[in-house]
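Worksheet: one structure, shown below.
The values are calculated or read from the model by the stated rules, or taken from the named source; none is laboratory data. Please read all numbers here as calculations on a predicted model, not as lab measurements. Every residue, glycine as well, gets a Cβ built from its backbone with ideal geometry; the counts of neighbours run over all protein chains shown. Just so you know, the surface numbers come from the protein's heavy atoms only, side chains and all, with ligands and any DNA or RNA stripped out. Shrake-Rupley method; radii C 1.70, N 1.55, O 1.52, S 1.80 Å.
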Amino acid sequence: MASGGYRNGTQKAQALRTSSSFKSKLPPSVSSNGRRSSTIDAVYGRVRVAVRLRPRNAEELAADADFADCVELQPELKRLKLRKNNWDSDTYEFDEVFTEFASQKRVYEVVAKPVVESVLDGYNGTVMAYGQTGTGKTYTLGRLGDEDVSARGIMVRSMEDILANICLETDSVSVSYLQLYMETIQDLLNPANDNIPIVEDQKTGDVSLPGATVVEVRDQQSFLELLRVGEAHRYAANTKLNTESSRSHAILLVQIKRSVPGREADFSAETDHSSHLTTNYKPPMLRKGKLVLVDLAGSERVNKSGSEGHMLEEAKSINLSLSALGKCINALAENSAHVPVRDSKLTRLLKDSFGGTSRTSLVITVGPSPRHRAETASTILFGQRAMKVENMLKIKEEFDYKSLSKRLEVQVDKLIAENERQQKAFETEVERIRLEAQNHVIEAERNYAEALKEEKMKCQMEYMNSIKKLEEKWSLNQQKPTNNARIDGTSITEMLKLLLVQEVSELKMLLQNEMQTRKAAEEEIYKLKDQLHMLTKPGSAGGNSDILNLQSMLEEEIRQKKRLEEEVIVLRSQFSQLTMEAGQRTSYLDRSRNGTGLPGLDSLSPLRNLHCKDVTNGERSSITNLHEQVGLHKILSLLESEDATVRIHAVKVVANLAAEETNQEKIVEAGGLNSLLMLLSNSVDETIRRIAAGAIANLAMSEANQELIMTQGGIALLAVTAADAEDPQTLRMVAGAIANLCGNDKLQTRLRSEGGIKALLGMVRCRHPDVLSQVARGIANFAKCESRASAQGQKAGRSSLIEDGALTWIVQNSNNEASMIRRHVELALCHLAQHEVNAKDMICGGALWELIRISRDCSRDDIRSLARRTLTSSLTFQAEMRRLRIEL
């Protein structure tokens, strides 16, 4: 090439500078799946290269005093001349040329600041320093400026600009600090992490380091501390060319996430067809930028650096990685089909910086000494080739669904709190209205009681006045007897006489019957005696056995005779007493005709009351020992009587006997259970069905009888009765029987399959407290058995009660005013909650709130502690309570 000629050509360099402007003016777009499209915003931009000349150091001032610098700079023309000899030189043009007097601030503003601004806009950016060892790469890039603020390098100034242009409330900045040493990636913030793998996304081609330490930066001082920690762990050595020669490539990764204000409106305008939720809650736009600052280790020649031993191996590794980087840049500059990216980990890490989607600025540092002209020329040629590499810059935007989710969670929590406040206010208002209504009811009852008392007094006064008037009329009638008075007195007397004659005639009939019976018994006795006399004669044909039979029959007849004589005596005494009373009543009636009054009516009433009382006491005592005196089989046979009254009395006796455990086994052995089930199946009398169901409920208290009831189809009959009956007392008996069966672990499956549970739940239509109490008891027994089976591993899956729809009724009645209903329902809820698989259904059905109320307000300590223990042991309930911010 002729002296003073340009190697890369002025016109071509001008064209490259023109294409280096890469900020996109295209509007943002949204893909069909709601994510930000990154291909429409892509623009081309080549790698920008600046050259910086290091001033002569003390050694060069002494050694090269007689020689001119090998490098001549023309900053106004952005050119550099590299002297071959005193009369010939090569000229190169770069994007920027910095003399040895250029300040750190100017270098940053020209080289790195445009890249930082692009990163803040959502692009990837790379700033890299390349050059011979000892030419000022680390000074340019990583100088901290502790002694001199103006000496701060690109790393420090970049973070200052980033922190100044973001909002820490909505944006975030995180850094990782690494070194590539001997082809291993090491964490400078965590030296123990000394072999970090490189992971490449097969779809996007993005490179990531999942094992690297990531630290979020909130202020400049913490960032400087991180840089100091990293520099302390970086490998360095003393060589002939540099007293602190870096032996590794340092890489600072800065991740920036920024929310884009004003983009929600664009999103809603572009997605008008979406639901109203999307319009009300638009996800904010998020831009992600990555800034990579690379301080490459210096290239060196071993004969000049004097590296030996391990340092020689380090130099080889550095030169190999730099050589691989140069090969990749050559291939990209020549548009080669193959780029050897995988030859080194350095090239894999910088894959996005050269030929990728990153905006890249390269600072090449050179020294003025003619002794190192070859290394300087190699560095300049590296920069010239890098200027030919073009990148396709892509902005990275996406919707911040995580931020939207957090915002919605906060909104939901606020709405929940507001709902709870409104619910509390509503409950308070309901309680106030209830108290007012209760006060009104009490006031109305008081007024009603006072009015009733006044009305009662009024009626009593009117009654007394009427009595006085009647007495006055009667006295007038006595003074002036008339035919009407005689007729009235005669009619009353005749009525009383008829009553007395009827009673006496009945007693006479009984006495005559007893006397006839006695006479027949005496005649039978005489006959038996004659037969005995005939048999005892000598030569009688009868044997001893006949004699013994006749003797026993005779003795039995004698005992019966004595019993009949006693009954005759009793009847005679009753007859004489009644005859005497009849005479007294007759005299009273005779006196009444003469105006003495009717005291016989007063004397008759206590006699009848006494007689009825004795009869009632006798019936009660006889029911207790009736099966011993008459026989249980005879009582059960009366259940099949055609007379409905007899059947009713018989089934009452059986129900009373079944209430005692000692009689239950005897009733079942005698066939009483079959008879009761037949009555329940065939009878149309509601009373008989009610009492029969009660008797079955009593028998169902025994576990042995429960299996017999199930075997003989008892649950199906009870279910049919529950569906047909309307009487609350009948339903109460049926519900009690099914509730007793629900407490048997062995009958759970059959009880449900034969319709027992549905029948139990169907009886809540009655709404009678006694019926609901038995239904609640059955549900509690069934839930307890299910809980026990689940704990023993015999049952899996949801509760049968939940599958049959019982949860809604349970939740509605868990705070019932009736204490018995409330206690059973609370127990049922606690037992259902002990099985984890029921937790989600119970939360959806509102049972969690009732369990919390039970654990706090239940009057019984055992139920309250059971509810608390259940809530604390369930992971699902715990998670839901944490979400609702509820503490026990």
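Between amide H atoms placed 1.01 Å from N, distances below 5 Å from Thr135 occur with no residue 5 or more places distant or on a separate chain. If R0 is 30 Å, the Cβ-Cβ spacing of Ser753 and Val684 corresponds to a FRET efficiency of close to 0.60.
Volume per residue for segment 304-394 equals 101 cubic angstrom (convex hull of Cα atoms). Counting heavy atoms of the protein chains alone, Arg765 has an accessible area of about 110 Å² for a 1.4 Å probe. Amide H contacts of Gly125: Lys290, Leu291, Val292, Arg359, each under 5 Å away and 5 or more positions distant or on a separate chain (H built 1.01 Å from N in the peptide plane; Pro and chain starts excluded).
Put a plus charge on the Cβ of each Lys and Arg, a minus charge on the Cβ of each Asp and Glu, and nothing anywhere else: the dipole of segment 279-432 about its Cα centre is then about 600 debye. Phi angles of segment 646-653 translate, via the Karplus equation with coefficients 6.51, -1.76, 1.60 and θ = phi - 60°, into HN-Hα couplings of 5, 4, 4, 5, 5, 5, 5, 4 Hz per residue; Gly and Pro are given as x. Counting 0.36 nm for each residue step from Asp841 to Ala451 and taking away their Cα separation leaves a gain of 135.0 nm. In this rough spin-label picture, where each label sits 7 Å from Cα along the Cβ direction, the Arg83-Lys561 distance is 17.2 nm. Between the residues Leu325, Thr428, Ser403, the greatest Cα displacement towards the positive end of the dipole of segment 300-447, with unit charges on the Cβ of Lys, Arg, Asp and Glu, is found for Leu325. In plain terms, if you count all Cα to Cα distances in segment 411-480 and split them into 10 Å steps from zero, the share in each step is 17, 17, 15, 13, 11, 9, 7, 5, 3, 1 percent. Dividing the convex hull volume of the alpha-carbon atoms in segment 187-229 by its residue count gives 82 Å³ per residue.
The packing ranking, built from the mean of other Cβ atoms within 10 Å per residue, places the peptides 457-470, 781-794 in the order 781-794, 457-470, highest first. Computed from backbone phi with θ = phi - 60° and the Karplus coefficients 6.51, -1.76 and 1.60, the 3J(HN,Hα) list for segment 852-863 is 5, 5, 4, 5, 9, 10, 4, 6, 9, 5, 5, 5 Hz; x is used for glycine and proline. Peptides 48-56, 199-207, 821-829, 833-841 ordered by packing proxy, namely the average of other Cβ atoms within 10 Å per residue, highest first: 821-829, 48-56, 833-841, 199-207.
FRET efficiency for the Asn319 to Asn238 pair, using the beta carbon distance and R₀ = 22 Å, is estimated at 0.75. Only Lys, Arg, Asp and Glu carry charge here, each on its Cβ (+1 for the first two, -1 for the last two); on that basis segment 838-888 has a dipole of about 140 debye about its Cα centre. Of the residues Val389, Leu296, Leu349, the one whose Cα sits farthest towards the positive end of the charge dipole of segment 286-401 is Val389 (charges of +1 on Lys and Arg Cβ, -1 on Asp and Glu Cβ, taken about the Cα centre). Which whole-number percent of Cα pairs in segment 71-160 have a distance greater than 17 Å? Value for segment 71-160: 58 percent of Cα pairs lie more than 17 Å apart. What FRET efficiency would be calculated for the residue pair Val229, Glu147, taking the C-beta separation as r and a Förster radius of 22 Å, to the nearest 0.05? The formula returns an efficiency of 0.70 here. Among residues other than Arg690 with Cβ under 15 Å from its Cβ, the summed charge is -2 (Lys and Arg +1, Asp and Glu -1). Each Lys and Arg Cβ is given +1 and each Asp and Glu Cβ -1; about its Cα centre, segment 50-191 then shows a dipole of about 200 debye.
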